[in-house]
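Nothing in this text is a laboratory measurement; each read-out follows from the coordinates by a stated rule. Model, not experiment: these values are computed from the prediction. Because the Cβ atoms are built from the backbone with ideal geometry, glycine has one as well, and the counts that use them run over all protein chains shown.
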Amino acid sequence: MNISTDKRNYGMLLLRLCVALILMVHGVTGMVEDGLLGFGGYLAGQGFGSLGLAMAWVIKLSHVVAAACIVTRKWEMWPVLLTMVILVAGIFMVHLPNGWFVVGGGFNGIEFNLLLISALAAILFDR
């Protein structure tokens, strides 16, 4: 292994760990801070009705599962693809009406979701 390959491997390791940490914290925090009821209610109001709370659980659990798969480098494809679909849905259901910026110049925009989708795609290409 040459030095440029080593640097690439360290870069992907750093990306994997950061994305996994973000997904894990996002998923677990949403489950333990009673955020599931609010998120489930939001989804119910978006036309998912009584499935809203169940979907909120699936979404938050999928983040935790994807994080574990990314770190272990096992069974990554489907959890990562599901997470990407969830992030795209989040763009259209929540973030797009708020514009580009998450903070500064706007609020709750699409930029962070796009960054995560790109990072997840890079992780899939690294398999």
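Hand me the trypsin sites (Lys or Arg not before Pro) from the stretch 17-82 located in a DSSP loop with no more than 10 other Cβ atoms within 10 Å, in residue order please.
Loop-located and lightly packed - K74.
Mind checking which of A56, V103, A20 is farthest towards the positive end of the stretch 3-125's charge dipole, using Cβ charges of +1 (Lys, Arg) and -1 (Asp, Glu) about the Cα centre?
Among A56, V103, A20, the one farthest towards the positive end of the dipole of the stretch 3-125 is A20.
Using a cut-off of 15 Å between beta-carbons, work out the net charge of the residues near F39 (Lys and Arg +1, Asp and Glu -1, F39 not included).
Taking every Cβ under 15 Å from that of F39, the sum is -1.
Mind giving me the FRET efficiency for L17 and L37? R0 is 30 Å, r the Cβ-Cβ distance, nearest 0.05 is fine.
That pair, L17 with L37, gives E of 0.45.
Pairing the Cα long axis of helix 3-32 with the longest principal axis of the chain, what angle in degrees results, from 0 to 90 and rounded to the nearest 10?
20
If R₀ is 25 angstrom, what is the calculated FRET efficiency for the pair R8 and A121, using the beta carbon separation as r and rounding to 0.05?
E between R8 and A121, to the nearest 0.05, is 0.95.
Quote the charge dipole size of the stretch 3-125 about the Cα centre in Debye, to the nearest 20; the model charges only the Cβ of Lys and Arg (+1) and of Asp and Glu (-1).
So the magnitude is around 360 debye.
Restricting to DSSP H runs of at least four residues, report the calculated mean residue ellipticity at 222 nm for the chain, -39500 (n - 2.57) per run over all residues, nearest 500 deg cm²/dmol.
-23500 deg cm²/dmol
Report the GluC sites (Glu not before Pro) located in the stretch 19-127 that are in a DSSP loop and have at most 13 other Cβ atoms inside 10 Å of their Cβ, or state none.
Loop-located and lightly packed - E33.
Could you give the length gained by full extension between L82 and V58, i.e. 0.36 nm per residue of separation minus their alpha carbon distance, to one decimal place?
Additional length available on full extension: 7.6 nm.
With viscosity set to 1.002 mPa s at 20 °C, what whole-number translational diffusion coefficient in µm²/s follows for the chain from Stokes-Einstein and a Kirkwood radius over Cα pairs?
The estimated diffusion coefficient comes to 138 µm²/s.
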